[in-house]
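J.: A single structure is presented below for examination.
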Amino acid sequence: MAELAPTPSQTVGPFYGYALPFPGGADIAPAGHPGAITVHGHVYDGAGAPVPDALLEFWQPAPDGSRTGAPGSLRRDPVSGAVIGRHGLDFTGFARVPTDADGHYAIRTLPPGGVPYLAVCVFARGLLHHLFTRAYLTDADDPLLTALEPRRRATLIAIAETERVHRFDVRLQDNGAHEETVFLDFP
Amino acid sequence: MTALDQSQIDTEITAARDAYAKALADGAAVRHHPSRDYAPYRSSELRHPKHALVEVRDPEAVELSGPVFGVTDVTDLDADLTRQHTGEPIGERITVTGRLLDRDGKPIRGQLVEIWQANASGRYAHQRDQHPAPLDPNFTGVGRCLTGDDGTYRFTTIKPGPYPWRNHTNAWRPAHIHFSLFGTAFTQRLVTQMYFPGDPLFPYDPILQAVTDDSARGRLVATYAHDRSSPEWSLCYRWDIVLDGPAATWIEEGRDG
Ligand SMILES: [Fe+2]
């Protein structure tokens, strides 16, 4: 069967802020869950400046390893149309979070089952085509990590600040002083 | 930053297109997506990676599955951007419809489609948009829907206006609607923009022209569909969307129904 040609990507631009982010978008873990972890960090550009208009999305398996996800990430009130948040029973596996004015983001989730990483997709004004990367919560003998030289590999491994807080910065471009994050292609 | 005029941008757009044509002639692959390093779009300068992307061919990759959405995530009113306020918005009422497909031509069913756009005068309902064109109290410009069983999505909205931006002096974006799309796999994620046929601003716009392949660029432009226009109500534009990227085959079974 002849493949259809894909629709090209275009930048998310500067004005997605009232359309894509939603209340509770960063909260994959049920509220108050004792096993919740925080993954947070900054997005930086090639001058080392924080990027205040990036949008990050995360996708991960449930703690039991299930990869089917669940609807309800942006569950709505049928009367007002307002986003009322996840109901806390299903694990949707999906987060969406814009960076703040300081280029910082934070999500709260549960550790993924079966793999040591969260899949990350980065959008930003100035970025014509999104970028995929991975936030590894632990160093691992993983097919991707093993293939990378140490300096590159280190960009994918979140720093454990405490037992439940992991810092994962995204550097869009090598600026000489800091290694550029490893970005991925899925051919 | 020194002020750039359109002629400098035009020169760079032509240079990038010529370089692509030469690469194609020399046997390079067709480039469906824009290069992230595209000088005429100035904001790309510090926001594109310099390293090559690392290929992941792992059949166990988490990215071969992806998030799902359902009836809990949209309301019926979301797909009609003209009915989200007490009054009717100003502008030309249109419907925008098409199918969401994967590269094998299979419909992507029950997935979330999100759009956002400027109002008829070219102004976004966003506080950072300071273009001195009127806001419309009856138009926000945000829509959502789920695709049907044949991959169809459909929105009723207002035709957005073109608007100025600061890439260079006298830079104007052609009228467009922003689209955000999910496939069955995270690898198929797409954010893009739909344009309207025959817009005279196309050749001047570095964002559209960043797609240097003529055929690929053409796929960002909707078709006017007279047979689907509603008599005495609205004009219709048709735009099919094809998502790139691999997906796990096992996902299909688990998600149908
Ligand atoms: Fe726009």
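Read the figures in this text as sums done on the coordinates, not as results from a lab. Being a predicted model, the structure only gives us computed values, none of them experimental. Counting neighbours? That spans all protein chains shown, and the Cβs are built from the backbone with ideal geometry, glycine included.
J.: Where Rh is the Kirkwood radius over the Cα pairs of the protein assembly as shown, the temperature 10 °C and the viscosity 1.306 mPa s, what D in µm²/s does Stokes-Einstein return?
T.: Answer from the Stokes-Einstein relation: 71 µm²/s.
J.: Let me ask something else. If you take every residue apart from A:Leu4 with its C-beta less than 12 Å away from the C-beta of A:Leu4, what net charge results, scoring Lys and Arg +1 and Asp and Glu -1? Please report the intermediate quantities before stating the final value.
T.: Values: positive: B:Arg99, B:Arg103, B:Lys106, B:Arg219; negative: A:Glu3, B:Asp102, B:Asp104, B:Asp240, B:Asp244.
Net charge around A:Leu4: -1.
J.: Percent of Cα-Cα pairs per 5 Å bin, from 0 to the last occupied bin, for chain B, please list those.
T.: With a bin width of 5 Å, the distribution comes to 1, 5, 11, 15, 17, 16, 15, 11, 6, 2, 1, 0.
J.: Continuing with this model, one more query. Using a 7 Å offset from the Cα along the Cα-to-Cβ direction at both A:Arg151 and A:Glu179, what is the distance between the two label points in nm, to one decimal?
T.: If labels sit at A:Arg151 and A:Glu179, their model points lie 0.8 nm apart.
J.: Within region B:158-257, which GluC sites (Glu not before Pro) sit in a loop by DSSP and count at most 13 neighbouring Cβ atoms inside 10 Å?
T.: Numbers: sites: B:Glu232, B:Glu252, B:Glu253; in loops: B:Glu232.
When the GluC sites (Glu not before Pro) of region B:158-257 are filtered for loop state and at most 13 Cβ neighbours within 10 Å, B:Glu232 remain.
J.: Then there is this: Kindly provide log₁₀ I(q)/I(0) values, in the same order as q = 0.16, 0.30 Å⁻¹, from the Debye equation applied to equal alpha-carbon scatterers of region B:158-210.
T.: Result of the Debye calculation: -0.56, -1.21.
J.: To the nearest 20 debye, what charge dipole does the protein assembly as shown have about its Cα centre, counting +1 at the Cβ of each Lys and Arg and -1 at the Cβ of each Asp and Glu?
T.: Details: 41 positive and 56 negative charges, 117 e Å.
Roughly 560 debye for the protein assembly as shown.
J.: Given charges of +1 on the Cβ of Lys and Arg and -1 on the Cβ of Asp and Glu, with all other atoms neutral, how large is the dipole of chain B about its Cα centre, in debye to the nearest 20? Working shown, then result.
T.: On the way: 27 positive and 35 negative charges, 103 e Å.
With only Lys, Arg, Asp and Glu charged at Cβ, the dipole is about 500 debye.
J.: Which GluC sites (Glu not before Pro) does region A:113-183 hold that lie in a coil by DSSP with at most 11 other beta carbons within 10 Å? It would help to have the intermediate numbers written out before the result.
T.: Numbers: sites: A:Glu161, A:Glu163, A:Glu179, A:Glu180; in loops: A:Glu163, A:Glu179, A:Glu180.
Of the GluC sites (Glu not before Pro), the ones in loops of region A:113-183 whose Cβ has at most 11 other Cβ atoms within 10 Å are A:Glu163.
J.: If you split all Cα-Cα distances of region A:17-106 into 10 Å bins from zero, what percentages do you get per bin, shortest first?
T.: Cα pair-distance distribution for region A:17-106, in percent: 16, 42, 30, 10, 1.
J.: So what's the back-of-envelope 222 nm ellipticity for chain B, counting only DSSP H runs of four-plus at -39500 (n - 2.57) apiece and dividing by all residues, rounded to 500?
T.: Details: 4 runs with 35 residues, N = 257.
The per-residue figure over chain B is -4000 deg cm²/dmol.
J.: Residue farthest toward the positive end of the dipole of region B:134-206, with Cβ of Lys/Arg at +1 and Asp/Glu at -1: which of B:His176, B:Tyr163, B:Gly148?
T.: Value computed over the given set: B:Tyr163.
J.: Let me ask something else about it. Between B:Lys106 and A:His33, take the C-beta separation as r, use R0 = 30 Å, and let me know the FRET efficiency to the nearest 0.05. Numbers along the way, then the final one.
T.: Details: r = 37 Å, r/R0 = 1.23.
Rounded to the nearest 0.05, the efficiency is 0.25.
J.: Give the aspartates and glutamates whose C-alpha is closer than 17 Å to that of B:Lys22, dropping any in the same chain fewer than 8 places away, or say none.
T.: Partners found: B:Glu12, B:Asp213, B:Asp214.
J.: So how compact is region A:15-171: Cα radius of gyration and Dmax in angstrom?
T.: 15.7, 54
J.: Still on this structure: May I ask you to derive the relative contact order of chain B, considering only C-alpha pairs under 8 Å and at least 6 residues apart, and to give it as an integer percent? Kindly include the intermediate steps, with their values, before the conclusion.
T.: Details: 498 pairs, mean separation 63.7, N = 257.
Result for chain B is 25 percent.
J.: Using +1 on the beta carbon of Lys and Arg, -1 on that of Asp and Glu, and nothing else charged, what's the dipole of region A:15-171 about the Cα centre, debye to 20?
T.: Details: 14 positive and 16 negative charges, 45 e Å.
Computed about the Cα centre, the dipole is about 220 debye.
J.: Let me ask something else. Picking from A:Pro143, A:Pro34, A:Cys121, whose Cα lies most toward the positive end of the charge dipole for chain A (charges on Cβ: Lys, Arg +1; Asp, Glu -1)?
T.: A:Pro34
J.: Counting other C-beta atoms within 10 Å, and keeping those with at most 15, which DSSP coil GluC sites (Glu not before Pro) do you find in region B:48-102?
T.: On the way: sites: B:Glu55, B:Glu60, B:Glu63, B:Glu92; in loops: B:Glu60, B:Glu92.
When the GluC sites (Glu not before Pro) of region B:48-102 are filtered for loop state and at most 15 Cβ neighbours within 10 Å, B:Glu60, B:Glu92 remain.
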